[in-house]
Amino acid sequence: MLLGFAMMAFSVLMFFLLGITILKPFMLSTQREAANCTIIHTHITHWTDCAFSRGADCRGQGKYPCLQVLVNLTHSGQKALLHYNEVAVQTNSKCFYTPKCHRDRKDLLNSALGIKEFFDLKNGTPFSCFYSPDSQSKDVILIKKYDRMVIFHCLFWPSLTLVGGALIVGMVRLTQHLSLLCEKYSAALRDEVSGKVPYMARHQFKLWGVGRSKGKRRQS
């Protein structure tokens with residue numbers, strides 16, 4: 001019983017946590033469809049302010065390079081800004097991604113230049129991307145953070161744990177009920193047997209008495 005209730009409580013907790021961290025952002029995010037994109041050009045426009053912290057007593061201000069990637073949607077010919085995922089669009093809609101902020105501007109610049117070189121090497125080669133057909137915003141994303149398989153696993157495993165816990169509790173309760181019925185049946189059977197034994201003894205004694213009286217009459 002404790003195992004079953006623990007599994008059910010754990011599944012409810014999983015639903016709560018996954019609902020806040022994954023399911024709710026998925027429902028609020030813009031639904032996007034797959035498409036093909038080609039690079040038009042990439043460039044670093046400006047440096048954006050950011051804040052970082054290393055513990056409670058270490059806080060500071062930094063800057064990171066804003067890398068813009070302009071692409072062309074092959075099916076419509078529309079120009080749009082490319083972002084890494086949905087979070088990058090919400091964090092900074094003008095940059096491809098938002099790196100982790102720190103003081104080493106050279107390291108941040110090298111990371112941005114490495115990504116820029118990666119896209120420059122594609123040289124017009126189409127690659128997969130995701131756009132929003134119903135939205136007027138001119139932005140597309142490279143990868144989807146919240147896809148249908150992630151949502152499936154977020155719903156399947158907690159549901160499986162909940163059903164498993166409920167089955168364990170149900171089987172234990174059924175076993176207890178059957179054990180109680182068996183005990184009642186055994187008690188009733190013992191009472192019936194104990195009630196028949198004195199009756200059979202009295203009946204045998206009566207038959208013995210009748211036979212004895214008949215024997216005496218024959219002798220007389």
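The values are calculated or read from the model by the stated rules, or taken from the named source; none is laboratory data. This is a predicted model, so every value here is computed, not measured. As a convention, Cβ positions derive from the backbone with ideal geometry for all residues, glycine included, and neighbour counts pool all protein chains shown. Surface accessibility is based on the protein's heavy atoms, side chains included, excluding ligands, DNA and RNA. Shrake-Rupley method; radii C 1.70, N 1.55, O 1.52, S 1.80 Å.
Observations on the structure shown:
- Top-ranked residue of segment 18-39 - restricted to ones that are of a type in the set (D, E, K, R) and open to solvent by 80 Å² or more (accessible area, probe 1.4 Å), ranked as modelled with the highest pLDDT: 33
- Qualifying residue in segment 99-122 (condition: out of contact with any helix residue (DSSP H, G or I) (no Cβ under 9 Å at 6 or more places or on another chain), of a type in the set (Val, Ile, Thr) and surrounded by 13 or more Cβ atoms within 10 Å (Cβ to Cβ)): yes
- Residue match in segment 119-142 (condition: at pLDDT 85 or above and acidic (Asp, Glu)): yes
- Scanning segment 143-169 for residues that are modelled with pLDDT of 85 or more and open to solvent by less than 40 Å² (accessible area, probe 1.4 Å), we see that the one that is nearest to the chain's Cα centre (by Cα) is 158.
- For segment 40-94, the set of residues classified as assigned to a helix (DSSP H, G or I) and surrounded by fewer than 18 Cβ atoms within 10 Å (Cβ to Cβ) consists of 87, 90, 91, listed by residue number.
- Annotation note: Cβ proximity below 7 Å between a residue of segment 159-178 that is closer than 15 Å to residue 6 by Cβ and a residue that is part of a helix (DSSP H, G or I) and of a type in the set (S, T, N, Q) (sequence gap 6+ or interchain) occurs for 161/11; 162/11; 165/11.
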